[in-house]
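Accompanying notes for the structure given below.
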Ligand SMILES: Nc1ncnc2c1ncn2[C@@H]1O[C@H](COP(=O)(O)OP(=O)(O)OP(=O)(O)O)[C@@H](O)[C@H]1O
Ligand SMILES: [Mg+2]
């Protein structure tokens, strides 16, 4: 009897997994949002740089799988090795259906940014690494506005807009990001505007605080400001998702995140656009209602540290080659008394301040790594990488150019440089992971 109950439970679990998220919910879940979560930046960094690597090295099951060359494959794929749909994480776009360069320009839409005119500043972002603030435009739409560091005008704002549109075309849920220009006089302070002081206390927002925020960012020669406006995602924010485990109070969240194809297979896409800041705290889950049901939708946010940008400065040449704490590099340095040279030491700085540092000649498509280990990337297999590389391969030069033009670089050399670097990096990924040899502009047809 117990055996039969066990078999029935296993069967029910398999059916739930196989039928995917929407069916799982209609099969009797509570229609209430899961609880809000948060991930501390510092904890995430320490956990993924120190604690998790130790548990991985000491995990016997993982060791045996490695030895036997029998990795655990992604769990949510069908018989064609494709993501089982519907997915609340990703949907088929480039590589699966026609996406025009114009559609890339619109992205998640509408792509128009805040209505020009006076904006009400509702909250100043005085905490975190980059300064910014939240506004409401005259149409009542809310945005977060982020900026460039004074010495790298256009760099971080461009990265946020270009990469978010590339990720949208690749199938991910992202906010509607665009470049905006405004004058200091366009800003009013909302009557209930706030900021958080050094002691973490909420305080009323003042003109002085706003001026302090603006004093830390790049300003145009005519006195105006360039910003990146990210339209606030609709729905109830539930905090970031993690790249491992599940939200146990979300009945649709059945596959451990590190075993999701959309997250493991994002590795080549991140490598392509140098998204070294791809980590849990740069994601956002929202409780949304669409198609007659309520559910958790998973978004990627914050692309200000992609391409050649590290948000507050240019990327360093070792980005993509080494983790912040890279035990392999530490060991090699110790053993060779620091004499071993690294590939990145030969790379050439484009010397374009609006680009920062990214290049396409020495990019290694086999070993790119983010700033610190990402649990889903750690689990990636060749099948996951090929899945993501096929998406990268579907971007034509026209698609890439459409996204890069959204940066509105003042220097035309920056536009041209970035387009060429993205083509070079795409081609290197294709040569490494797909059997077709790429030409300069022809896309691979998956
Ligand atoms: N488009 C958006 N819709 C809703 N919330 C957003 C959006 N963009 C940003 N946020 C919220 O603002 C927070 C900070 O945004 P973001 O990660 O883009 O900036 P950041 O410079 O990394 O900030 P910090 O250093 O404070 O983390 C996010 O954690 C998220 O909660
Ligand atoms: Mg962030």
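With label points built 7 Å along Cα→Cβ from the Cα atoms of residue 54 and residue 327, find their separation and express it in nm.
If labels sit at residue 54 and residue 327, their model points lie 1.0 nm apart.
Binning at 10 Å from 0, report for the chain what percent of all alpha-carbon pair distances ends up in each bin.
For the chain, the binned pair fractions read 4, 19, 30, 27, 14, 4, 1, 0 percent.
Compute the length gained on full extension between residue 293 and residue 408: take 0.36 nm times their separation in residues and subtract their Cα-Cα distance, giving the result in nm to one decimal.
Contour length minus Cα-Cα distance gives 37.5 nm.
May I ask you to order 365-377, 43-55 by the average number of other C-beta atoms within 10 Å around their residues, highest value first?
Going by the mean number of other Cβ atoms within 10 Å, highest first, we get 365-377, 43-55.
Per residue, how much space in cubic angstrom lies within the convex hull of the C-alpha atoms of the range 68-144?
213 Å³
Grab the Cα-Cα distance for residue 127 and residue 67, subtract it from 0.36 nm times how many residues apart they are, and report the gain in nm with one decimal.
17.1 nm
Spin-label point model (7 Å from Cα, Cβ direction): what's the residue 248 to residue 398 distance in nm?
For residue 248 paired with residue 398, the spin-label model returns 5.1 nm.
Considering the range 211-331, what Rg and Dmax in Å follow from its alpha-carbon atoms?
Both quantities, over Cα of the range 211-331: 18.2, 55 Å.
Quickly work out the residue 192-to-residue 364 label distance, labels modelled 7 Å from Cα along the C-beta direction, and quote it in nm with one decimal.
So the label points at residue 364 and residue 192 sit 5.3 nm apart.
May I ask for the distance between the Cα centers of the range 194-224 and the range 247-316, given as a whole number of Å?
What the calculation gives is 29 Å, centre to centre.
Subtract the Cα-Cα distance of residue 435 and residue 85 from 0.36 nm times their separation in residues, and report this length gain in nm to one decimal.
That works out to 123.3 nm of additional length.
Per DSSP H run of at least 4 residues, take -39500 (n - 2.57); add these up for the chain, divide by its residues and hand me the 222 nm value, nearest 500 deg cm²/dmol.
Only helices count here, giving -9000 deg cm²/dmol.
Stokes-Einstein at 25 °C, 0.890 mPa s, Kirkwood radius from Cα pairs: D for the range 225-267 in µm² s⁻¹?
190 µm²/s
Can you tell me what the convex hull of the Cα atoms of the range 119-231 projects to on average, as an area in nm²?
7.6 nm²
A short reminder: the numbers here are calculations on the coordinates, not readings from a lab. Computed from a prediction, not measured in an experiment: that's the story for all the values here. Note that we place each Cβ from the backbone using ideal geometry, even for glycine, and neighbour counts take in every protein chain shown.
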